[in-house]
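Novice: Shown below is the structure under consideration.
No value in this document is a laboratory result; all are computed from the given coordinates. Given the structure is predicted, the values throughout are model-derived calculations rather than measurements. Cβ coordinates were reconstructed from backbone atoms using ideal geometry, including for glycine residues, and neighbour counts include every protein chain displayed.
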Amino acid sequence: AELLASHAAAALTRVESEQLYRTLVEQSHDGIYVYQGSSFQFVNDRVSELTGYSTAELYDMNLWELVHEDDRERVQRTAREADGAPVLREARIVRKDGDVRYMTLSTARITYDGEPAFMGAARDVTERKRREEELERTNERLEQFASVVSHDLKNPLAVAEGSLEAARETGADEHFDAIDAAHDRMERIIQDVLTLARGEAALNPEHGVSVREMAERAWQTVETETWTIRFDGSLPTVRADPNRFQRLFENLFRNSVEHGSEGGTVR
């Protein structure tokens, strides 16, 4: 009688533990699942919520169809490498409606119904990934900002410095006009860069921007020293953002002057 009571108590304890464990799994915020091969053997309700598939559909499908095709081979490989310690990685999951969500997946080897299997937990981290991507885009804009400030402003700044020196020597009005134009150009570049840094629409394409006019404007803001510019034939008009287009020519001209010979002609 004592032995029977002991077995009964142990059985009741085990049932209570299993019920408690199942309750915890079902109420988990993470998707909990067990699979063998390419088939689910167990999924909690959260897996259905994360994937958009019903429990019955999940049991009938190839589970690897849920993993984005670009991540599938990596997820399968890392799952095979799992042992007693869970393997943690991120992957994209394709929901039933086609929406792609980022998940953190934790997988470990277990024994299920006496057979080798894998137990996993999935957590949706899509919002975090989107914040990270936005931060990355912001950092890229800041890098562009720094690049423009350190590079593109050199052209009009060099012209202003050269014209200021000439103005001190001669006092001619044309040098002061050049300084004023260089300052105006720097102001427009700074405004353009600030727009870019704020993430606002940075391009303002217009119809009929003259290639020749943009090139001539750019030539006036570059310290060209002994170089000259020559136009061969008629040049077209294009659709472009005037400020960006002018900066394109400014950088091309400055590179020609700095990395070319001591003098020459830009055609």
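Novice: First select every other residue whose beta carbon is under 11 angstrom from the beta carbon of S147; then total the charges, Lys and Arg +1, Asp and Glu -1.
Specialist: -2
Novice: Could you sort 60-73, 175-188 so that the peptide with the highest average Cβ count within 10 Å comes first and the rest follow in order?
Specialist: 175-188, 60-73
Novice: On to the next question. Read phi for every residue in region 252-258 and hand back ³J(HN,Hα) as whole Hz from Karplus 6.51 cos²θ - 1.76 cosθ + 1.60, θ = phi - 60°, with x for Gly and Pro.
Specialist: 5, 5, 5, 5, 4, 5, 6
Novice: Then there's this: Note down the nm distance, to one decimal, between modelled labels 7 Å out along Cα→Cβ at E258 and at R137.
Specialist: So the two model labels end up 3.1 nm from each other.
Novice: A further question follows. Starting from the Cα of T78, step 7 Å along the direction of its Cβ; do the same at E49; then give the gap between the two resulting points in nm.
Specialist: Spacing of the two 7 Å Cα→Cβ label points: 2.4 nm.
Novice: Run the numbers for Q41 and D180: contour at 0.36 nm per residue of separation, minus the present Cα-Cα distance, in nm.
Specialist: Length difference between fully extended and current span is 42.4 nm.
Novice: May I pose another question? What length, rounded to one decimal in nm, is gained on full extension from Q191 through to E127, with 0.36 nm per residue of separation minus their alpha-carbon distance?
Specialist: 19.8 nm
Novice: Using R₀ = 30 Å, calculate the FRET efficiency as 1/(1 + (r/R₀)^6) where r is the Cβ-Cβ separation of L153 and R230; round to 0.05.
Specialist: Given R0 = 30 Å and the Cβ-Cβ separation, E is 0.65.
Novice: If r is the Cβ-Cβ distance from E65 to Q144 and R0 is 45 Å, what FRET efficiency results, to the nearest 0.05?
Specialist: The formula returns an efficiency of 0.65 here.
Novice: Right, something else. Describe numerically, in nm with one decimal, the distance between label points set 7 Å from Cα along Cα→Cβ at Y112 and at E169.
Specialist: Placing both labels 7 Å beyond Cα along the Cβ direction yields 8.4 nm.
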